Each structure stands twice: as structure tokens, then as C-alpha cells.
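There's a structure below that I have some questions on.
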Amino acid sequence: MKLAHFETLAPVCPLCRRQGLDHALSIAVIERESRDDMAAGILQCTACGAEYPVIDGLPILVPDVRQFVQQNLFYLLARDDLTPAVEGLLGDAAGPGSALDSIRQHVSSYMWDHWGDLDPQGFGPVPGDAAPGGITRVLDAGMALAGDLPAGPLLDIGCGAGRTVAELARRTGRMTLGIDISVPLSRAGRRAAVAGQVDYGLRRAGLVYDRRRYATGQDDDGLVDIWICDVLALPFRADAFALANALNVVDCMVDPRAGLMEMSRILKPGAAALLSVPFDWSGHVTPVEAWLGGHSQRAAHAGRPEAILDMLLSPGPLAAGGLRRQGEAREVPWHVRLHDRSCMHYAACLVAARESME
Ligand SMILES: [Zn+2]
């Protein structure tokens, strides 16, 4: 956790935030630090005393730390220094569907999508002619829709492997914070976006992963950091950010409308929100009743996700805070590569919104 980000963004306690209270966090313990980057330590609420760990440079600012640690213990303690032969053998032994397998698949898909275009080794053909680095093209299209931004820092929600955090900072010269809830992705993403080091296993087939390790050649100019946060309890005061970028994440939220309300809360009046949504719901993450469309085809909206998203971004009873759609939605291609012979192709709905001035 960069101390400059902590000082400028002045995060508040996510536990107190759930009760609508803004209580500042302070640094209680620094155990490891280099060049104003805190690698390990503890943050603490100045009011309720709740403690939040910083591990591998990632502050964990979620309302229920105990539950988060219990659910993510394997990922928090997973080591990333295994040698290729041993890692391969452990991967074979753990087998398909294991936690190790799911980490490796997840990180492989997203690191390829975020950083693959900078890989000097290159790639063989990908099914459907998908090209790596696709997330930057989604961002390009989104930034064109967003237009001018008010002054202030930028927030990249569900930043995954971190490329868009780096790109937002590079393109605007502004302090940019990426947040994600996935420990393995945040760890790999922070190393790439902040330290400029890409390091992951690219899935070739089955349980076979080839190590890809290279420098991005990009300097973050001290503008970039990545924290672990829950979008439903963002640890920030109102009106803190000039942009909320949320690419391919709304359909991964437990409660998408509540997530959009939180985005609205932390955006300054006139600030922009960028949403790209493949509407690829998963019942074990988002309960069906919280999906934006994809159910209740009997209703007036006929189960159309675009219609519901539009209602959330328009004045009315469903409005997500002050977020108002700006311009027309469009479709953008997005890919998730699974292995050498499999790649999912999405047509994501891309829409820009602006936080109303009232
Ligand atoms: Zn508190």
C-alpha cells in the first residue's frame, strides 16, 4: 500500500461505513516497508477499533475481515515462489477443480487478457482470432464515451489483473486506485501494474501451465495502487473520485444495484462512470432476484438486461443514486481465453454514465 495513496485517498472504516458513518483509518503497525510502500502491517479504525491487515502490499478493507480471512485463507497463504517442476507436480496431484487449479485458470485468463499484448514471447493462434490485451480496447471505447472528467483521483472497480489501472494513470496522469476482491488476481495485478513485473502460468491444456515472466516496460510514476475492497462497502467518503471504471464486473456483484449506488456515492458531481457488462450472471455469486434481467420474461421489460440497466441509470424509482446514462450504449468485444483450444467471446454492453450535479 503506497503511503501517498493512503494519505490522499484518506480511506474510512468499511465496518463503520456500513452504518453510514465516515471514520478515518490510521496506520497502527508497519512491519515491512520500502520506498513509501507498506508491504505488511495493520490499519485501524480511529472510532470502532476494527483492524485491517496489509499483506503483500494489499490492504484488505472489507467490512467483515474475519469472514473474508476464513473464506480466503487458502489464497492468502498460497505461495507464489514454487519452481516450475514442483508446481506442475502439485498441480497434477491437486487435480482439476482444486483451489490451486481454479487460481491458476483464473489468473491465466485475466493476465493474458490484461498484459498479453506486452509479452515478448507472443502467442500461437487463439480460437476465434482473439488477441491478448483486449481489456485496453474496451477501455479505449469507454474513455471515448466518458468525455471530460472533473479534477480528482480515479477508481477502477474490479480491476482484476490491473492493466486498466495502469492505463488510466498513464492516460490521465492522475492518481488511480484499482480495487478487487480476488486475492490471487490482486496480487498478480499489483505486481504487474505497480512493479512492472508480469509473472503467471499460462494454461496450455488440462493441468499444463507455462510460466510467462517479463517486464511490462511501463513505469507507474507513483500513480498506481491496488487494494482489496468490497464494492458494496467502499471505504471512501462521498464525492471522492472523478471516475469510476467498472469493466466486466457489474455481473459479478452480489447486488449490482447496490454496487451502482455505492459508485454514485463516491463520485463527485459531474464525475463519470464507465460500465461494460456481458450480463453473464452466475447464480452462486448473484442471487437471481438481483440479476439485471435474465429472468422474469413475463414482465414489461421481458427479461432484457439492457432495459433494466437503463432504468438504473435513469430518473425514477429504480435509479441508482445520481448516475445518469450519457449517450447511447454500444457493444464491445471481450474475450476470456481458457486454454490453447478454447476462448469465450463476449459482446459486452458498454455504457457511460455521469453523476448528476444536484
Ligand atoms: Zn470503524
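The values are calculated or read from the model by the stated rules, or taken from the named source; none is laboratory data. Fair warning: this is a prediction, and the values are worked out from it, not measured in the lab. Here Cβ is always computed from backbone atoms with ideal geometry, including for glycine, and neighbour counts include all displayed protein chains. Accessible surface is based on the protein model in full, side chains and every heavy atom, while ligands, DNA and RNA are left aside. Shrake-Rupley method; radii C 1.70, N 1.55, O 1.52, S 1.80 Å.
Residue under question is residue 94, and the condition is that it be more than 16 Å from the ligand (Cβ to nearest atom), within 30 Å of residue 211 (Cβ to Cβ) and touching an Asp or Glu at 6+ places or on another chain (Cβ under 9 Å); does it hold?
Numbers: more than 16 Å from the ligand (Cβ to nearest atom): yes; within 30 Å of residue 211 (Cβ to Cβ): yes; touching an Asp or Glu at 6+ places or on another chain (Cβ under 9 Å): yes.
When the stated conditions are applied, residue 94 passes them.
Moving to a separate point now. Taking the conditions exactly as written (of a type in the set (Phe, Trp, Tyr) and within 16 Å of the ligand (Cβ to nearest atom)), does residue 74 satisfy them or not? Can you show your working first?
On the way: of a type in the set (Phe, Trp, Tyr): yes; within 16 Å of the ligand (Cβ to nearest atom): no.
In short, no.
Find the strands (runs of 3 or more DSSP E) located wholly in segment 247-358 whose residues include 2 or more that are among the basic types (Lys, Arg) and in the same structural domain as residue 231 (by TED's automatic domain parsing), and list them. First the steps, then the outcome.
Details: elements: 267-277, 323-339, 342-355.
Here the list reads 323-339.
Follow-up question, since we're still on this one. Six or more apart or on different chains, Cβ under 6 Å: which pairs go from a residue in segment 88-99 that's more than 13 Å from residue 203 (Cα to Cα) and of a type outside the set (Ser, Thr, Tyr) to one that's open to solvent by 80 Å² or more (accessible area, probe 1.4 Å) and assigned to a helix (DSSP H, G or I)? Could you list them?
Within 6 Å, the pairs are 99/74.
Would you tally the residues in segment 43-63 being touching a residue at least 40 places away in the same chain (Cβ under 8 Å), within 16 Å of the ligand (Cβ to nearest atom) and touching a helix residue (DSSP H, G or I) at 6+ places or on another chain (Cβ under 7 Å)?
Summing the residues that are touching a residue at least 40 places away in the same chain (Cβ under 8 Å), within 16 Å of the ligand (Cβ to nearest atom) and touching a helix residue (DSSP H, G or I) at 6+ places or on another chain (Cβ under 7 Å) in segment 43-63 gives 4.
Yes/no per residue for (1) open to solvent by 30 Å² or more (accessible area, probe 1.4 Å); (2) touching a residue at least 24 places away in the same chain (Cβ under 8 Å):
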| position | (1), (2) |
| --- | --- |
| 268 | yes, yes |
| 296 | yes, no |
| 305 | no, yes |
| 326 | yes, yes |
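Have a look at 215, 195, 238 and point out the one that is out of contact with any strand residue (DSSP E or B) (no Cβ under 7 Å at 6 or more places or on another chain) and closer than 16 Å to residue 170 by Cβ.
On the way: 215 fails: out of contact with any strand residue (DSSP E or B) (no Cβ under 7 Å at 6 or more places or on another chain); 238 fails: closer than 16 Å to residue 170 by Cβ.
Step by step, each of 215, 195, 238 is checked, and only 195 is out of contact with any strand residue (DSSP E or B) (no Cβ under 7 Å at 6 or more places or on another chain) and closer than 16 Å to residue 170 by Cβ.
Quick one: is residue 9 under 19 Å from the mean Cα position of the chain (by Cα), farther than 15 Å from residue 190 by Cβ and not small (Gly, Ala, Ser)?
yes
In the set 109, 102, which member is away from the ligand (no atom under 16 Å from the Cβ), under 24 Å from residue 247 (Cβ atoms) and touching a residue at least 24 places away in the same chain (Cβ under 8 Å)?
109
Take the residues in segment 143-198 that are of a type in the set (Ser, Thr, Tyr) and within 20 Å of residue 102 (Cβ to Cβ); name whichever of them is surrounded by the most Cβ atoms within 10 Å (Cβ to Cβ).
186
Taking the options 125, 120, name whichever one is modelled with pLDDT of 95 or more, over 20 Å from the mean Cα position of the chain (by Cα), assigned to a loop (DSSP other than H, G, I, E, B) and not small (Gly, Ala, Ser).
Exactly one residue qualifies, and that residue is 120.
Now, a different point. Would you check if residue 66 is of a type in the set (Lys, Arg) and more than 16 Å from the ligand (Cβ to nearest atom)?
Judged against the criteria, residue 66 is not a match.
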